Structures are given as C-alpha cells and as structure tokens.
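Working notes, beginning with the structure itself.
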Amino acid sequence: TKSSGQRFHKSHQPGVPLTLADFEAINRCERSLPKKFNFARDVLDQWSPKEKTGERPANPALWWVNGKGDEVKWSFGELGSLSRKAANVLTKPCGLERGDRVAVILPRIPEWWLINVACMRTGLVFMPGTTQLTAKDILYRLRASKAKCIVASDEVIPAVESIVSECPDLKTKLLVSPHSQNGWLSFPELFQTASAEHSCVETGSQEPMAIYFTSGTTGSPKMAQHSQSSLGIGYTLCGRYWLDLKSTDIIWNMSDTGWIKAAIGSMFSSWLQGACVFVHRMAQFDTDTFLDTLTTYPITTLCSAPTVYRMLVQKDLKRYKFKKLRHCLTGGEPLNPEVLEQWKVQTGLELYEGYGQTEVGIICANQKGQEIKPGSMGKGVLPYDVQIIDENGNILPPGKEGEIALRLTSTRPFCFFSEYVDNPEKTAATIRGNFYVTGDRGVMDSDGYFWFVGRADDVIISSGYRIGPFEVESALIEHPAVVESAVVSSPDPVRGEVVKAFVVLSAPFKSSNPEKLTLELQDHVKKSTAPYKYPRKVEFVKELPKTITGKIKRNVLRDHEWGRT
Ligand code: ATP
Ligand code: MG
C-alpha cells in the first residue's frame, strides 16, 4: 500500500538478471537499487548471448582504428573472454586484491577498455588519467590515492620512473607495450599465457568502482570516487535519451581516456544500450583526420567538446558527406549559440548539449526530440531534481539567477560520487541545506530550460552589475573576427572591476588594426547584448590557456589581471 506518502518500490530478486527496463526504473526511482551489482557481469556479459541469437545486431562492441591501417573489432563475447584474461593478469602476477586502487594511464588503445573491465571483474578501483600528465601530476595522483599499481604505456615511463621512489604504496608497474622495461611487468606477455576462466567478484552496488579526477579548471583536481552503480546504472537514461543510442548505433566519443566523459560516452552509456563504441587512436585532434573518419566509417553518433566544434565550423564543412552521422552531442563547457547555428547550417544537424560534472554526471541535457533553445543547456535530467537556489539554500523562481543545485532526498542519490577521497571538508562543502551545489551559476526559464551564466568564481561584478562571461563570449563569437574568447574581470580604479575580453582572431582578421577592431567588437557586443556588458578592455592573443580537456582556464587570465600568481 502507499501508506504514509511513501513511494512503492519494486525490489530486486537475487539471481534474476536485471534488464535495461529495470535499470531505467531504478533511475526513475520506481525500483530500488539491487544490493549486488557488477557492470561487467550484469551488463556486458548479458549482451553476449544476445549476439549469438541475433537479438543484438552484428555490430562490434568495440571498434578501434588508428588511421594507419590497424583495426580491432571485438564482440561483447570477445570483450568478455579477453577481459577475463586481463583480470587474471591483475590478480595473479600483479598480486592485486579487491579494493586496491590502480592508476590507468593509457592513450586510446583497446587495452584501456580491457583493463577497466578487468578491474570491474576483480573489484579493483580504476583511476584513469591522461598520458599528457606530467611527472608532478602523476606523483600527486599516486600519493593522494595510495595506488597499489600503475598501468601505463611507453610514453609515460620516464615520468613514472622519476617519481616512483616517492610512492611507497606502489607495488606493481604494468607496461602495455611490445617492448619490455626493467622493473615493469609486461602486460602483453602475461596476457598471452593468462587463463580466460575467471569468476566475477560479487561487488556491492555501492562498492567503489573508480576514482575520477576532476578537470582541474579551478585548481588541483579533486578525486571523486564512484560506485559500481553510480557509473554502471546511473547512465541508463543518458544513453537512451540524450545520446539516443540503440544497439544498432555506432558512437564516436572523442574525449581523452583520462576524463569521466570517456567513461560516460565510450563505456557506460553506450554499452548499457548495447551500442558499438568507436575509437580513433588520434593522439592529437586533427581536423583532416576527423573529417576523413566521419566520411569513411558508419558512425551514427558523435560526441565532442565545444572547442572542437568551434574549430570545425571555421572549415567549409558542406564539402564533406558524412557516411551515417545523425546525432551530435557536446558538453563539458558552454556551447556558444553561434557555433550551434553554424554547425546546423553547414551539416544540417542539430547539436545536443549536455551539462554535467565529474561528481554527479549529467545534470541537464537537450534530449532527443526536445526543442532546442540555442544557448540553453536543456532541461534537468532524471533522476535529478535541478533547481536554482540562493546563498541560503532557498529555491529561486524562474528568471532569477542563482546557483545550479540538485535537490536531495533523505538518502544520497545512488548516481552521486560517494566522496572526494580523504577530503571530508570538501565533500561536506558541496551540501547546502537540502541541496548539492554545483558551484555553477545559471537561470531556469519558465519552460524549465537551464541557461549557464558561469562558474561562480568567474562571474564579474562591475558597477554593481553581475555579468556572466559566457554571454559576452557568445556575443563576441558572432563577429567574424572572433574564433574564441575568454571574458574575465580586470581591475579598474573607478568601477572596481571591468569586463576584459581575451580574443583569438580568425585568419582574415589577424592583421587588422587592433584599435579599430577593438572598437568594432565593443560596438558589436553593445548591439547584441545589454550594453553594460561590453568589454571595456580587449586583448588579442594567439591562444587561450586551457585544461588538457580543452576547457578555458579563465582563472589563469583573471589571476594575471589582478597580479596574483
Ligand atoms: P575542477 O572542478 O577541478 O575545477 P571542472 O569543474 O572543470 O574542474 P569537470 O567535472 O570536468 O571539472 O567539469 C564540470 C564543470 O564543467 C561544470 O561544473 C561546469 O562548470 C562545466 N560544464 C560542463 N558542461 C557544461 C555545459 N554544457 N555548459 C557550461 N558549463 C559546463
Ligand atoms: Mg568542478
């Protein structure tokens, strides 16, 4: 009965495999979380019999290319047996035990997927990191996490060797390379002789599965710990309604293996829906390779950072005929409406933006079938109740700017990170009253669409006005001279602080007269948005400081303006 206003929850019968419909129901809060859950066993391994019966199309589960003629195609069945072998490498010769933390610093190679799945099977906690990390970054990560093992590729060896003596907890170094290296175990060698028999550990659904480091846009990256279910079940609706995936789809998500977006787009959301994950080894983004890939392979779904789309619309995209592309996504940074518009004009395709965080996953999205309002991040996505709140934790009405927050019920939502590892103060600081606060500012309109204003620290207060950098940047990019820009506060003797824009110019404007162009851009912003927001200072720069993921680091420019280091 529905007595005392409590919701009726279907609970899970042990031993009965969960279906995709069950996962959806859990995300809609119509069903309780199972006690035990393991993504490898309960999701991946469930697809292999369906491959055999034809219930799932003959798409690979993983399709990897490197642009040099090498190709790997694994079915879910193959992914199963290969990852069992990898699991035996991790437990036996590497001597790792359930709960141990493993730093996985690999480029986009098939082994990255194998090792992650092997960690799931053995209950090891994987911590992906990009190969662009410096020795200092790696030291910070290994020490902060007390990692027992590092799995790395050739390019990472020198950095690891230079700091390894300072990491007393590190027991094993595993090298994924055809070469051998003193002091390192060889993954390919051990893999060759490993058995394909392995029985998956019975992990609890709230047991730690992975630690993801935040992007470090505003300081040192934070270690957000996620559970088997937060990652393994929490992305069901995202895969179905935002990425719009079915098992017939092929998704190319371009993010680096080190960030949670790789896990969302190239592992959890996609494999929950039985879709094929396409990977290009591409060490560095290259427009020609990118366009070539979309015209050669039957990729249906594309996900990339806004910075990539900003670069692409500078090209004449109409000349290219993409083979099967039908659905394009972006996230991680705000997408300027002008870029969305250009992409649409040039490719005939919409761009569906999502907004989220390493800590809590996707919060808002433009879901397939929903009307897109250019410049908005779409509506809040289930299971979250997204609200705009003030500094005291009160909900603000539509149209009022405040902090973007998630309403909490009595229990912590299962799709949340469990904590910032070893940092209870920072973890506690994310909670305000009944809300989780994102640290981002925004507005909700009366239709329930959310509009990003800026990171709380990036908002500029000039002559009493609050100015969000994103709106000014979006106005600037409408001008043909502007490829991209970063808008920050700058000191001013009269106004306290004023708006300053750092602008990267497009090729035809590079040799323009800077004073004239400054006036022209200021004029343009005054016409396109409320005039008080126009940048009183403009500086032309070759490039903007960015994180490895391509996010603009406004704090670096701001600190520079204010003489802080
Ligand atoms: P750190 O927390 O270490 O400073 P970070 O916040 O950039 O780094 P992530 O978790 O990778 O680390 O990024 C989440 C943040 O990225 C969000 O809080 C928001 O500021 C920004 N973001 C993500 N998607 C969007 C989007 N669609 N529009 C605007 N901002 C976005
Ligand atoms: Mg953050």
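The values are calculated or read from the model by the stated rules, or taken from the named source; none is laboratory data. Computed from a predicted structure; not experimentally measured. Positions of Cβ are generated from backbone atoms using ideal geometry, with glycine treated the same way; all protein chains shown enter the neighbour counts. What goes into the accessible areas is simple: the full protein's heavy atoms, side chains included, and nothing from ligands, DNA or RNA. Shrake-Rupley method; radii C 1.70, N 1.55, O 1.52, S 1.80 Å.
Structure notes:
- Criterion violated by Leu302 - all others in (1) among the aliphatic types (A, V, I, L, M); (2) crowded, with 16+ Cβ neighbours inside 10 Å; (3) out of contact with any His (no Cβ under 8 Å at 6 or more places or on another chain) satisfied: (3)
- Members of segment 314-356 that are within 16 Å of ligand 2 (Cβ to nearest atom) and open to solvent by less than 30 Å² (accessible area, probe 1.4 Å): Gly331, Glu333, Pro334, Gly354, Tyr355
Condition check ((1) without any contact (Cβ under 8 Å) to a residue 40 or more places away in the chain; (2) open to solvent by 10 Å² or more (accessible area, probe 1.4 Å); (3) acidic (Asp, Glu)) across all residues:
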position: Pro93; (1), (2), (3): no, yes, no
position: Asp100; (1), (2), (3): no, yes, yes
position: Ala103; (1), (2), (3): no, no, no
position: Thr130; (1), (2), (3): no, no, no
position: Ile138; (1), (2), (3): yes, no, no
position: Val156; (1), (2), (3): no, no, no
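Conditions tested, residue by residue: (1) in contact with a Phe, Trp or Tyr (Cβ under 9 Å, 6 or more places away or on another chain); (2) within 30 Å of Gly258 (Cβ to Cβ); (3) outside any strand (DSSP E or B); (4) touching a residue at least 60 places away in the same chain (Cβ under 8 Å).
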site: Ala486; (1), (2), (3), (4): yes, yes, no, yes
site: Pro491; (1), (2), (3), (4): yes, no, no, yes
site: Val494; (1), (2), (3), (4): no, no, yes, no
site: Val504; (1), (2), (3), (4): yes, yes, no, no
site: Pro508; (1), (2), (3), (4): no, no, yes, no
site: Ser511; (1), (2), (3), (4): no, no, yes, no
site: Lys516; (1), (2), (3), (4): no, no, yes, no
site: Glu543; (1), (2), (3), (4): no, yes, yes, no
site: Arg558; (1), (2), (3), (4): no, yes, yes, yes
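- If only residues of segment 441-459 that are charged (D, E, K, R), surrounded by fewer than 21 Cβ atoms within 10 Å (Cβ to Cβ) and within 22 Å of the chain's Cα centre (by Cα) are counted, the one that is nearest to Gly402 (Cα to Cα) is Arg455.
- Selection count where residues are in a helix (DSSP H, G or I), surrounded by fewer than 24 Cβ atoms within 10 Å (Cβ to Cβ), in contact with a strand residue (DSSP E or B) (Cβ under 8 Å, 6 or more places away or on another chain) and of a type outside the set (Ser, Thr, Tyr), scope segment 229-257: 1
- Here Cys167 clears all of (1) surrounded by fewer than 16 Cβ atoms within 10 Å (Cβ to Cβ); (2) more than 16 Å from ligand 2 (Cβ to nearest atom) except the condition numbered (1).
- Residue within segment 367-379 that is outside any loop (DSSP other than H, G, I, E, B) and surrounded by fewer than 23 Cβ atoms within 10 Å (Cβ to Cβ) present: yes
- Options Val313, Val339, Val308; residue that is closer than 26 Å to Arg455 by Cα and touching a Lys or Arg at 6+ places or on another chain (Cβ under 6 Å): Val339
- A single member of Lys551, Lys533, Lys510 is open to solvent by less than 70 Å² (accessible area, probe 1.4 Å), basic (Lys, Arg) and more than 26 Å from Ser220 (Cβ to Cβ), and it is Lys533.
- Each residue in segment 193-224 was checked for being open to solvent by 10 Å² or more (accessible area, probe 1.4 Å), within 16 Å of ligand 2 (Cβ to nearest atom) and within 20 Å of Val43 (Cβ to Cβ), and 0 pass.
- Residues in segment 429-440 that are more than 11 Å from ligand 2 (Cβ to nearest atom) and either open to solvent by 60 Å² or more (accessible area, probe 1.4 Å) or of a type in the set (D, E, K, R) (or both): Ala429, Ile431, Arg432, Gly433, Asn434.
- Selection within segment 27-52 - surrounded by 16 or more Cβ atoms within 10 Å (Cβ to Cβ), at pLDDT below 95 and hydrophobic (A, V, I, L, M, F, W, C): Leu33
Residue-wise test of (1) within 22 Å of Ala263 (Cβ to Cβ); (2) in a loop (DSSP other than H, G, I, E, B).
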{"position": "Met127", "(1), (2)": "yes, no"}
{"position": "Lys136", "(1), (2)": "no, no"}
{"position": "Leu139", "(1), (2)": "no, no"}
{"position": "Leu142", "(1), (2)": "yes, no"}
{"position": "Ile150", "(1), (2)": "yes, no"}
{"position": "Pro158", "(1), (2)": "no, no"}
{"position": "Leu170", "(1), (2)": "no, yes"}
{"position": "Gln192", "(1), (2)": "no, no"}
{"position": "Ala210", "(1), (2)": "yes, no"}
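- Among the residues of segment 76-91, those that are in contact (Cβ under 8 Å) with a residue 24 or more places away in the chain and surrounded by fewer than 19 Cβ atoms within 10 Å (Cβ to Cβ) comprise Gly77, Ser81.
- Thr307 closer than 28 Å to Ser485 by Cα, open to solvent by 10 Å² or more (accessible area, probe 1.4 Å) and touching a helix residue (DSSP H, G or I) at 6+ places or on another chain (Cβ under 8 Å): no
- Condition met for Lys261 (within 16 Å of ligand 2 (Cβ to nearest atom) and more than 19 Å from Leu329 (Cα to Cα)): no
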